[in-house]
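Okay, structure first, notes after.
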Amino acid sequence: MPASELKVLMRDTLSHFQHLHRLSGSADAEKSVDWLCEQLQARDIPFRRESCNLWLSDPLDASLTVAGQVINAKTRSFSAHCPDGVEAELFHDTQSLDFIPENALANWSARVRGKLVLADQGFEDYVQRLMNAGALGLIHIWGSAEAALHEETVGPVWGTPVPDDLQRYPTIPVISISQQDGAHLRSQLSAETLCARLTTVLHEHVAPCSLPVVELPGSSEEFVLLSSHYDSWHEGVTDNATGNALCLALATLFSEQRLTRGLRVAFWPGHSNARYGGSTWYADHFRSQLLDHCVAHINVDSPGCIGGSQLVVNASGAESSDWLNQAIIATTGKPAERVTPIGKGADQSFWGLGIPLHFALREVPEQRQSLSPGSGGGWWWHTEEDTLDKVDEAHLWRDFDIHQRWLESLLYEKTLPLDARQYLALMDDALAQLQNEIDPAFSLNTLRERLSALEKLISGKTCKLSSLAEATGLWHRARYRAGDDFHPDLSYHGGAFPGLQRLCGFRRQQCSERYWLMLETQFIRQRDRISELLTRSEWILRQSV
Ligand SMILES: [Zn+2]
């Protein structure tokens with residue numbers, strides 16, 4: 001299909017999706033899948049329309065009243081549902097962004113207990129901390145100056161929960177207010193004691209959600225997974241109708257070719273109101289196919305934004321940076337601003353499946369004016385204002401072009417752009433940094449020695465591609481996961497070696513005996529888990545000829 005027709009297809013997708021509020025479980029979300037499937041059918045592109053039941057939390061309404069004044073507020077997906085309201089004294093937690101040593105936690109807890117807490121953050125782990133301390137609710141002050149309120153989630157569980165996960169869900173209401181309203185409240189509060197009343201209305205329900213997957217066969221059994229979430233907050237044109245348009249156009253383009261590796265193009269539900277429920281369902285239900293044959297997962301979220309002039313690649317670390325940049329240079333004339341590790345989020349539900357390559361292109365503005373992590377850093381991210389006028393078609397086409405180049409290499413070239421030595425070096429850097437942040441009682445030397453032995457091993461011999469790919473899959477489990485392959489980690493605690501990150505900040509002299517014992521246990525288990533994964537990879541590489 002010529003470029004002009006692909007551009008028309010992308011434009012059609014945007015103009016169709018902009019009228020649909022695609023929160024998973026809604027009629028509009030299913031209508032958007034109907035439309036996608038019609039496009040695929042009309043072009044004879046092979047696909048399956050899977051259906052998965054997801055546990056959804058839809059934030060519907062919130063209110064905040066302080067001393068008679070009503071303040072504009074939004075609640076969060078997976079906040080507690082408190083339609084009858086909670087009324088209590090307001091407390092400004094000036095330590096919300098600080099690390100609190102274990103021996104100072106009781107004092108902090110006493111200050112927030114029984115209060116509605118006003119704070120500069122609203123992340124899931126902070127909500128858990130407040131819950132455990134007995135706070136009655138959280139009012140999160142957004143950190144940048146836009147008046148628009150953003151939708152977000154405080155869901156602590158990745159994907160659909162199992163029974164033991166239930167106790168993690170927030171039992172307190174969580175709302176967000178603008179920076180300006182927050183500053184006003186803070187200054188009032190410094191002069192007088194204030195009482196506040198807040199309400200939240202959420203709809204928690206289980207609903208079937210469509211999950212369409214294009215399946216283009218290759219001559220080999222191996223395949224590449226390209227994915228984008230189709231659910232949205234409100235019109236969600238740049239998050240993520242642009243991503244869906246780009247993926248649909250790529251599916252169309254490659255459906256006309258004879259591929260060496262196959263291509264699957266998945267459109268996820270449940271990104272927003274089920275905490276990556278769709279991609280996690282796919283990882284659970286297509287486990288053996290992904291485990292045996294998938295060589296790369298490329299996630300597409302929010303391309304084609306106005307202001308998104310700079311490009312960053314979020315990559316696992318195992319991908320050759322030169323290879324990633326080749327496609328970007330060929331399209332834009334210069335490399336990405338940076339290639340940086342993938343954070344926790346954005347449907348990265350595939351670390352336990354041995355897939356060696358994981359990456360995503362991200363747009364960032366030249367000058368950041370909003371704390372929005374999505375929509376190219378645009379202030380409209382996750383708001384009613386994420387509309388068609390926020391799309392820059394030239395940026396969308398640029399991003400399409402980069403993905404096309406990446407896929408042409410992955411779908412046709414015999415080799416894979418793996419850089420095992422680079423990944424080992426990045427993991428060693430991360431361990432060196434971690435060592436500075438944890439108590440000296442916890443030595444990471446044995447792990448660093450294992451990495452260095454691996455480095456020597458692969459420098460001295462040529463390993464088979466399949467062995468390198470298998471070893472990389474084990475390294476991802478160590479670098480990006482703290483638990484086993486069959487239960488995703490919690491949605492918080494990110495960073496390199498997340499199980500070891502739990503030790504950061506704690507010092508023995510600031511811990512009770514009981515807490516120190518727990519940290520020691522955490523350390524032993526995580527160290528040995530990582531060590532075993534590295535040993536297994538070493539064995540695989542030694543056998544490789
Ligand atoms: Zn998104």
Problem - Residues that are assigned to a loop (DSSP other than H, G, I, E, B) and surrounded by 20 or more Cβ atoms within 10 Å (Cβ to Cβ), drawn from segment 9-25 - result: Leu20, Arg22, Leu23, Ser24, Gly25
Exercise for the section: Could you tell me which residue of segment 217-232 is farthest from the ligand (Cβ to nearest atom), considering only residues that are buried (at least 24 other Cβ atoms within 10 Å of the Cβ) and not acidic (Asp, Glu)? Expected result: Val224
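Looking at Leu361, Leu357, Leu353, Leu396 in this structure, which one is touching a helix residue (DSSP H, G or I) at 6+ places or on another chain (Cβ under 9 Å) and surrounded by fewer than 23 Cβ atoms within 10 Å (Cβ to Cβ)? Write out each step before concluding.
Numbers: Leu361 fails: surrounded by fewer than 23 Cβ atoms within 10 Å (Cβ to Cβ); Leu357 fails: surrounded by fewer than 23 Cβ atoms within 10 Å (Cβ to Cβ); Leu396 fails: surrounded by fewer than 23 Cβ atoms within 10 Å (Cβ to Cβ).
It is Leu353.
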Handout entry: Residue list for segment 29-51, restricted to those being in a loop (DSSP other than H, G, I, E, B) and either surrounded by fewer than 17 Cβ atoms within 10 Å (Cβ to Cβ) or under 26 Å from the mean Cα position of the chain (by Cα) (or both)
Key = Arg43, Asp44, Pro46
Handout entry: First in segment 465-479 and more than 11 Å from Ser544 (Cα to Cα), second anywhere and in a helix (DSSP H, G or I) and basic (Lys, Arg), Cβ under 7 Å, 6 or more apart
Key = Leu474/Arg536
Handout entry: Residues being in a loop (DSSP other than H, G, I, E, B) and within 15 Å of the ligand (Cβ to nearest atom) - total across segment 367-384
Key = 8
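Yes/no matrix, rows are residues, columns are (1) acidic (Asp, Glu); (2) touching a helix residue (DSSP H, G or I) at 6+ places or on another chain (Cβ under 8 Å); (3) on the phi < 0 side of the Ramachandran plot; (4) not in a helix (DSSP H, G or I):
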residue: Ala478; (1), (2), (3), (4): no, yes, yes, no
residue: Asp485; (1), (2), (3), (4): yes, yes, yes, yes
residue: Cys504; (1), (2), (3), (4): no, yes, yes, yes
residue: Met518; (1), (2), (3), (4): no, no, yes, no
residue: Thr521; (1), (2), (3), (4): no, no, yes, no
Fill in the blank from the handout: With the first residue restricted to segment 222-234 and required to be touching a residue at least 40 places away in the same chain (Cβ under 8 Å) and within 8 Å of Arg264 (Cβ to Cβ), and the second required to be assigned to a loop (DSSP other than H, G, I, E, B) and more than 16 Å from the ligand (Cβ to nearest atom), Cβ contacts under 7 Å at 6 or more apart or on different chains are Phe223/Arg261; Val224/Arg261
Handout entry: Test for Tyr492: is it hydroxyl-bearing (Ser, Thr, Tyr), crowded, with 20+ Cβ neighbours inside 10 Å and either out of contact with any Asp or Glu (no Cβ under 7 Å at 6 or more places or on another chain) or within 27 Å of Lys344 (Cβ to Cβ) (or both)
Key = no
Practice task
Kindly list the number of the only condition in (1) farther than 22 Å from Leu490 by Cα; (2) aliphatic (A, V, I, L, M); (3) in contact with a strand residue (DSSP E or B) (Cβ under 8 Å, 6 or more places away or on another chain) that fails for Val154.
Solution key: (1)
Fill in the blank from the handout: Looking across segment 233-257 at residues that are within 16 Å of the ligand (Cβ to nearest atom) and of a type in the set (Gly, Ala, Ser), the single one that is surrounded by the most Cβ atoms within 10 Å (Cβ to Cβ) is Gly236
Exercise for the section: Report those strands (runs of 3 or more DSSP E) wholly inside segment 273-347 carrying at least 2 residues which are without any contact (Cβ under 8 Å) to a residue 40 or more places away in the chain. Expected result: 338-341
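If only one of Arg398, Arg362 is of a type outside the set (Gly, Ala, Ser), more than 15 Å from the ligand (Cβ to nearest atom) and within 24 Å of Ile298 (Cα to Cα), which one is it? Spell out how you get there, then give the answer.
Working: Arg362 fails: more than 15 Å from the ligand (Cβ to nearest atom).
After ruling out the rest, the residue left standing is Arg398.
Kindly establish whether Lys74 is more than 27 Å from Thr193 (Cβ to Cβ), surrounded by 13 or more Cβ atoms within 10 Å (Cβ to Cβ) and under 28 Å from the mean Cα position of the chain (by Cα).
On the way: more than 27 Å from Thr193 (Cβ to Cβ): no; surrounded by 13 or more Cβ atoms within 10 Å (Cβ to Cβ): yes; under 28 Å from the mean Cα position of the chain (by Cα): yes.
No; evaluated as a whole, the condition is false for this residue.
Readers should treat all values here as calculations from the given coordinates under stated rules, not as data from a laboratory. Small disclaimer: the values here were computed from a predicted structure and weren't measured. We place every Cβ from the backbone using ideal geometry, glycine too, and count neighbours over all the protein chains shown.
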